1. Would segment 223-231 turn up any residue that is under 25 Å from Thr161 (Cα atoms), buried (at least 19 other Cβ atoms within 10 Å of the Cβ), of a type outside the set (Gly, Ala, Ser) and modelled with pLDDT under 95?
2. Please determine whether any residue of segment 76-85 is part of a loop (DSSP other than H, G, I, E, B), of a type in the set (S, T, N, Q), without any contact (Cβ under 8 Å) to a residue 40 or more places away in the chain and in contact with a strand residue (DSSP E or B) (Cβ under 9 Å, 6 or more places away or on another chain).
3. Which of (1) touching a Gly at 6+ places or on another chain (Cβ under 8 Å); (2) without any contact (Cβ under 8 Å) to a residue 60 or more places away in the chain is the odd one out, the single condition Ser63 does not satisfy?
4. Check whether at least one residue in segment 181-204 is closer than 21 Å to Gln114 by Cα and part of a helix (DSSP H, G or I), and report yes or no.
5. What are the residues in segment 208-233 that are assigned to a helix (DSSP H, G or I) and either within 16 Å of His297 (Cβ to Cβ) or in contact with a helix residue (DSSP H, G or I) (Cβ under 6 Å, 6 or more places away or on another chain) (or both), if any?
6. For segment 157-188, which positions are under 17 Å from Tyr307 (Cβ atoms) and in contact (Cβ under 8 Å) with a residue 40 or more places away in the chain?
7. Of the residues that sit in segment 99-111 and are in contact with a Lys or Arg (Cβ under 9 Å, 6 or more places away or on another chain) and surrounded by 20 or more Cβ atoms within 10 Å (Cβ to Cβ), which one is nearest to Gln229 (Cα to Cα)?
8. For segment 278-306, give me each residue that is without any contact (Cβ under 8 Å) to a residue 40 or more places away in the chain, surrounded by fewer than 17 Cβ atoms within 10 Å (Cβ to Cβ) and farther than 21 Å from Val207 by Cβ.
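The values are calculated or read from the model by the stated rules, or taken from the named source; none is laboratory data. Here the structure is a predicted model, which is why all the values come from computation and not from measurement. Cβ atoms come from the backbone with ideal geometry, glycine included; neighbour counts cover every protein chain shown.
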Amino acid sequence: MSTTPLTPKENLPYTVIGSPHGGQNTGFLITVLILADGSQHDVYEALKRVSALAIREMIVVDSSSRNRDSESLCREFPNLRLMIVDSLLSTGQKINLAMREARENMVFVVKSSQRLLPFLESSMQELIERRSLCTVPLHKSPSGDLLPIVHVPLEHKNQLTIVNHLPSRDILPSLYPYDYVGLYDREKFLSMGGYDTSYHNPYWQKVEFGYRCRMWGETIVCQAGIRLQNSYEIEAENTSADADYLRFFLHVLLLEYENDHAVLASRRFWNYWKIASGSYFKRKSQFKAAQAWVQAHAYLYKHDARYITELWTKVGES
């Protein structure tokens, strides 16, 4: 197995406030990772709600430009650690950094603007014991309507289409975590390299993560036992075929699985050349870099993207 970094590893500066050994030794064996996306009041209310659930550890990821009461918060919540990061970091970058800091192996990623609705203790325990790479809770809109959080890749006229469905059963596979939120297996997440931070468009970053998860033999599922309610409407995703789509096309869709490993065959360059921009030499250089990456990780693959998409398409048509 190659030890080459799976995704670009960034040495990003951040500050951690709070003791890594503070807090309680009882309760659910999870870290709740709160991504601050609302007001400071939202963060405080989220901490109060989570602390009432007997959680081993809480981590809040916030920016230095917004945070004003770090030390008083850590005094009030002994099992809290605050990660102060640059405000320009993407959601994927924040999750990657916080996963390395978490003490527990199961990490529940949630936004501060989201409210965890009442649940049975057995439901949370079932999520913890499932040990999928990520288990996604149900999401409700501010008005209480169930949101279409199940993402399904389908092939139509040789084109990839990702459709969003309402959950129709208690447990359903999904391509990627809705809005990055879910209960992650930290060890599996880090072994995969986390989110690829070379992507700037969150949509293609999540789609790439979902395909890489499936191609390497891991699973992401939606489960009905835990529910979240959003305080704000979530903005529509940017699904356009931008520069990040080209990277996804090159690193994911052009791969082929042969016997026991993945390859990016040289003949596939012409597929990339047709849709990419820039000089011939620029496109050739990009293709060769992708080939080298695939070769370094070839034996981590269990399937290719075509197999995964065709399998999902057949299930959808049956």
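1. yes
2. No, every residue in segment 76-85 fails to be part of a loop (DSSP other than H, G, I, E, B), of a type in the set (S, T, N, Q), without any contact (Cβ under 8 Å) to a residue 40 or more places away in the chain and in contact with a strand residue (DSSP E or B) (Cβ under 9 Å, 6 or more places away or on another chain).
3. (1)
4. Yes, that holds for at least one residue.
5. Result: Glu208, Phe209, Tyr211, Arg212, Cys213, Arg214, Met215.
6. Across segment 157-188, the qualifying residues are Leu160, Ile162, Pro173, Leu175.
7. Only one residue tops the list, namely Val107.
8. Gly278, Ser279, Tyr280, Phe281, Lys282, Lys284, Ser285, Lys288, Ala292, Gln295
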